[in-house]
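Trainee: Next up is a structure, given as structure tokens.
The values are calculated or read from the model by the stated rules, or taken from the named source; none is laboratory data. Computed from a predicted model, the values in this text were never measured in an experiment. Counting neighbours? That spans all protein chains shown, and the Cβs are built from the backbone with ideal geometry, glycine included. Accessible surface is based on the protein model in full, side chains and every heavy atom, while ligands, DNA and RNA are left aside. Shrake-Rupley method; radii C 1.70, N 1.55, O 1.52, S 1.80 Å.
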Amino acid sequence: MVSLDQDRVTAVYLVETPYSLQRAAEVIAGEQSTGTFTAVPGETDELKRKHGARVEKIVELERVGEPSLPGSKTPPGHDGFYNRGLVTVSFPLHNFGPSIPNLMSAIAGNLYELQELSGLRLVDLELPDAFTARYPGPKFGIEGTRRLTGVTDRPILGTIVKPSIGLAMEDLQRIIMDVSEAGLDFIKDDELNANPPYAPLELKVKSVMEAIDRAADATGKKIMYAFNITGDIEEMKRNHDLVVKAGGNCVMVSIMSVGLAGLAHLNSYSEVPIHGHRNQWGMLTRSPLLGFEFSAYQKLCRLAGADHLHVNGLNSKFYESNDSVVRSIQACVAPMHGGYATMPVVSSAQWAGTAPATFAATRTVDVMHLAGGGILAHPDGAAAGFESMKLGWEAAVNGIPLEEYAKAHPSLKRAIEKYGKG
């Protein structure tokens, strides 16, 4: 963590540079506040004192023999080594005010293009209270989502509509009826399917809500369905209102598609939880010396109003390491400004057997655990898949080995046989 100054925004960067870390830090601070490549009229000492970004701390790390990113220049007499370190820079709040879009220009603007840097990654961020006064954060978060789903003492368990694209409305209705009658807590649209011409959202909402209401009448439980309303700003408002008017209880947006400002705008009027999908996130983070750490990015998503936020899953189909996923879960549930409680969404190649490792690493049940094939493809059907997920978490929380617990629970035993030993 970094220290918090109520008059300044503080950012920590992992820097790689062929120059000294001090030189690189000064270039970052100057480029993102009052400086440019040469002195200009009006750049007085008083102006720089009031508006200049400030280098607060430099921690030297290792040296490497080649640059991580292309396009950097080297100083005269360069010895062939590139210096890495953690650089803390603070920015005067009055330069941009409590505005997420303008904050992004300061902390993540042209500095990624500076030739003095051969690597740059934002790893931490602290914001003054002026931001929480401007942005109220999640309206529902963990507590509100638990209230709406009726799940109080375990993870919220759910699945995703598959196949992602191409289902006829009658087939979609059948899937929704099946998972609703199976007792699942949650189901979501895939990020690829929002309001396509072949299946307009209006038709999808009508079909899905008919199935949900019929199942709720039969079971007494109304599943939470996250309708993908991603679109242009005014389109999202229409889509949101369509879902709410039909009795829907959740909407989903692709945060990178609509932007943080779009998410905040949706949050300003949303009457239901916002399920924040992070697709496209990999292009900001996959290179270890470029982009953002999720621990920094998730703070902005929480500030802008994401009630749920995807974090990948342990042993998933994606490149991300388990340690990185664990850090992401822990970041989402860590206290932030006394509230802003966003529920981490664990997904990607998940099944009952991933519950023990997830709980052991995080020690929390405040997660949404989504399994596509891990529930829908269970040999005994979706109801057995859902039951196996609950049993996986019961075993995890109670410290019982999965195979031992499965001896008395056929659905869990069948899951282990199909998906492999957890």
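Trainee: For GLY372, which of the numbered conditions (1) surrounded by fewer than 24 Cβ atoms within 10 Å (Cβ to Cβ); (2) in contact with a Phe, Trp or Tyr (Cβ under 7 Å, 6 or more places away or on another chain) fails to hold?
Mentor: (2)
Trainee: Among the residues that make up segment 300-307, is at least one of them charged (D, E, K, R), within 11 Å of the chain's Cα centre (by Cα) and closer than 23 Å to ASN228 by Cα?
Mentor: Of the residues in segment 300-307, the ones charged (D, E, K, R) are 302, 307.
Filter again for within 11 Å of the chain's Cα centre (by Cα), leaving 302, 307.
Remaining after also requiring closer than 23 Å to ASN228 by Cα: 302, 307.
Looking through segment 300-307, at least one residue is charged (D, E, K, R), within 11 Å of the chain's Cα centre (by Cα) and closer than 23 Å to ASN228 by Cα.
Trainee: Can you report the number of residues in segment 171-213 which are surrounded by fewer than 16 Cβ atoms within 10 Å (Cβ to Cβ) and either touching a strand residue (DSSP E or B) at 6+ places or on another chain (Cβ under 6 Å) or assigned to a loop (DSSP other than H, G, I, E, B) (or both)? Let's see the steps before the verdict.
Mentor: Quick first cut of segment 171-213, residues surrounded by fewer than 16 Cβ atoms within 10 Å (Cβ to Cβ) only: 171, 174, 192, 196-198, 200, 202-203, 206, 210, 213.
From what's left, either touching a strand residue (DSSP E or B) at 6+ places or on another chain (Cβ under 6 Å) or assigned to a loop (DSSP other than H, G, I, E, B) (or both): 192, 196-198, 200.
Here the count works out to 5.
Trainee: Ok, one more. Basic (Lys, Arg) and under 26 Å from the mean Cα position of the chain (by Cα), is that true of LYS206? Talk me through it step by step, then tell me what you get.
Mentor: Values: basic (Lys, Arg): yes; under 26 Å from the mean Cα position of the chain (by Cα): no.
For LYS206, the condition - basic (Lys, Arg) and under 26 Å from the mean Cα position of the chain (by Cα) - is not met.
Trainee: With the requirement that a residue be acidic (Asp, Glu) and open to solvent by 20 Å² or more (accessible area, probe 1.4 Å), what does segment 16-36 give you?
Mentor: Passing the criteria: GLU26, GLU31.
Trainee: Okay, moving on. Cβ contacts < 6 Å: first residue under 13 Å from ARG54 (Cβ atoms) and in contact (Cβ under 8 Å) with a residue 40 or more places away in the chain, restricted to segment 91-108; second residue of a type in the set (S, T, N, Q) and open to solvent by less than 30 Å² (accessible area, probe 1.4 Å), any location; separation 6+ or different chain. Result?
Mentor: ALA106/GLN32
Trainee: While we're on this one: Return the total of residues in segment 214-242 being touching a residue at least 24 places away in the same chain (Cβ under 8 Å) and loosely packed, with under 14 Cβ neighbours inside 10 Å.
Mentor: Residues of segment 214-242 touching a residue at least 24 places away in the same chain (Cβ under 8 Å): 214-216, 218-219, 221-231, 233, 235-237, 239-240, 242.
Now drop any that are not loosely packed, with under 14 Cβ neighbours inside 10 Å, which leaves 218-219, 233.
Result for segment 214-242: 3.
Trainee: Then there is this: Restricting to segment 406-422, name every residue that is basic (Lys, Arg) and either without any contact (Cβ under 8 Å) to a residue 12 or more places away in the chain or open to solvent by less than 60 Å² (accessible area, probe 1.4 Å) (or both).
Mentor: Within segment 406-422, the first condition is being basic (Lys, Arg), and the residues that meet it are 407, 413-414, 418, 421.
LYS407, LYS413 - these are the residues of segment 406-422 that are basic (Lys, Arg) and either without any contact (Cβ under 8 Å) to a residue 12 or more places away in the chain or open to solvent by less than 60 Å² (accessible area, probe 1.4 Å) (or both).
Trainee: Return the residue satisfying two criteria in turn: it lies in segment 1-60 and is over 32 Å from the mean Cα position of the chain (by Cα), part of a loop (DSSP other than H, G, I, E, B) and aliphatic (A, V, I, L, M), and of such residues it is modelled with the lowest pLDDT.
Mentor: ALA39
Listed here are the residues, each with its yes/no results for (1) within 30 Å of ALA133 (Cα to Cα); (2) in contact with a strand residue (DSSP E or B) (Cβ under 7 Å, 6 or more places away or on another chain); (3) among the aromatic types (Phe, Trp, Tyr).
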| residue | (1), (2), (3) |
| --- | --- |
| MET336 | yes, no, no |
| ALA341 | yes, no, no |
| ARG363 | no, no, no |
| ASP366 | yes, yes, no |
| HIS369 | no, yes, no |
| GLY373 | no, no, no |
| PHE386 | no, yes, yes |
| GLU394 | no, no, no |
| SER411 | no, no, no |
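Trainee: Is it the case that GLU403 is touching a residue at least 12 places away in the same chain (Cβ under 8 Å), open to solvent by 40 Å² or more (accessible area, probe 1.4 Å) and under 30 Å from the mean Cα position of the chain (by Cα)? Don't jump to the end; show me each part of the working.
Mentor: Working: touching a residue at least 12 places away in the same chain (Cβ under 8 Å): yes; open to solvent by 40 Å² or more (accessible area, probe 1.4 Å): yes; under 30 Å from the mean Cα position of the chain (by Cα): no.
So GLU403 fails the test.
Trainee: Being open to solvent by 30 Å² or more (accessible area, probe 1.4 Å) and either acidic (Asp, Glu) or at pLDDT 95 or above (or both) is the filter here, so list the residues in segment 331-361 that pass it.
Mentor: Scanning segment 331-361 gives PRO356, ALA357, ALA360, ALA361.
Trainee: A follow-up question, please. For segment 261-316, name all the residues that are part of a loop (DSSP other than H, G, I, E, B), buried (at least 19 other Cβ atoms within 10 Å of the Cβ) and not aromatic (Phe, Trp, Tyr). Walk me through how you get there before you give the answer.
Mentor: The first filter runs over segment 261-316 and keeps only residues part of a loop (DSSP other than H, G, I, E, B), leaving 270-273, 278-281, 286-289, 293, 305-307, 311-316.
Those left that are additionally buried (at least 19 other Cβ atoms within 10 Å of the Cβ): 270, 272-273, 278, 281, 293, 305-307, 311-314.
SER270, VAL272, PRO273, ARG278, GLU293, GLY305, ALA306, ASP307, VAL311, ASN312, GLY313, LEU314 - these are the residues of segment 261-316 that are part of a loop (DSSP other than H, G, I, E, B), buried (at least 19 other Cβ atoms within 10 Å of the Cβ) and not aromatic (Phe, Trp, Tyr).
Trainee: Out of THR152, THR132, I need the residue that is under 30 Å from GLU394 (Cβ atoms) and not acidic (Asp, Glu). Which one?
Mentor: Values: THR132 fails: under 30 Å from GLU394 (Cβ atoms).
After applying the criteria, what remains is THR152.
Trainee: Here's another thing I want to ask about it. Please enumerate the residues belonging to segment 157-196 that are in contact (Cβ under 8 Å) with a residue 60 or more places away in the chain and among the polar types (S, T, N, Q).
Mentor: Matches in segment 157-196: THR159 only.
Trainee: Which of (1) crowded, with 17+ Cβ neighbours inside 10 Å; (2) touching a helix residue (DSSP H, G or I) at 6+ places or on another chain (Cβ under 7 Å) is the odd one out, the single condition THR364 does not satisfy?
Mentor: Only one criterion is unmet by THR364, namely (1).
Trainee: Being under 23 Å from GLY52 (Cα atoms), out of contact with any His (no Cβ under 9 Å at 6 or more places or on another chain) and of a type outside the set (A, V, I, L, M) is the filter here, so list the residues in segment 120-145 that pass it.
Mentor: Our first condition is that a residue be under 23 Å from GLY52 (Cα atoms); within segment 120-145, this holds for 120-131.
Next cut, out of contact with any His (no Cβ under 9 Å at 6 or more places or on another chain) only: 120-126, 128, 130.
ARG121, ASP124, GLU126, PRO128, listed by residue number.
Trainee: Another one. When the residues of segment 111-170 are filtered to those that are assigned to a helix (DSSP H, G or I) and basic (Lys, Arg), which remaining residue is nearest to VAL365 (Cα to Cα)?
Mentor: If we filter segment 111-170 for residues that are assigned to a helix (DSSP H, G or I), which is where we start, we get 111-113, 129-134, 141-149, 169-170.
Then drop every residue that is not basic (Lys, Arg), which leaves 134, 146-147.
Details: ARG134: 30, ARG146: 11, ARG147: 15 Å.
Here the answer is ARG146.
Trainee: Can you go through PHE81, PHE131, PHE140, PHE91 and tell me which one is out of contact with any helix residue (DSSP H, G or I) (no Cβ under 8 Å at 6 or more places or on another chain) and either at pLDDT 95 or above or crowded, with 19+ Cβ neighbours inside 10 Å (or both)? Spell out how you get there, then give the answer.
Mentor: Values: PHE131 fails: out of contact with any helix residue (DSSP H, G or I) (no Cβ under 8 Å at 6 or more places or on another chain); PHE140 fails: out of contact with any helix residue (DSSP H, G or I) (no Cβ under 8 Å at 6 or more places or on another chain); PHE91 fails: out of contact with any helix residue (DSSP H, G or I) (no Cβ under 8 Å at 6 or more places or on another chain).
Step by step, each of PHE81, PHE131, PHE140, PHE91 is checked, and only PHE81 is out of contact with any helix residue (DSSP H, G or I) (no Cβ under 8 Å at 6 or more places or on another chain) and either at pLDDT 95 or above or crowded, with 19+ Cβ neighbours inside 10 Å (or both).
Trainee: Can I ask one more? Tally up the residues in segment 61-72 that are part of a loop (DSSP other than H, G, I, E, B) and open to solvent by 80 Å² or more (accessible area, probe 1.4 Å), please. Show your work before the answer.
Mentor: Our first condition is that a residue be part of a loop (DSSP other than H, G, I, E, B); within segment 61-72, this holds for 65-72.
With the extra rule that they be open to solvent by 80 Å² or more (accessible area, probe 1.4 Å), the set shrinks to 66, 70.
Residues in segment 61-72 being part of a loop (DSSP other than H, G, I, E, B) and open to solvent by 80 Å² or more (accessible area, probe 1.4 Å): 2 in total.
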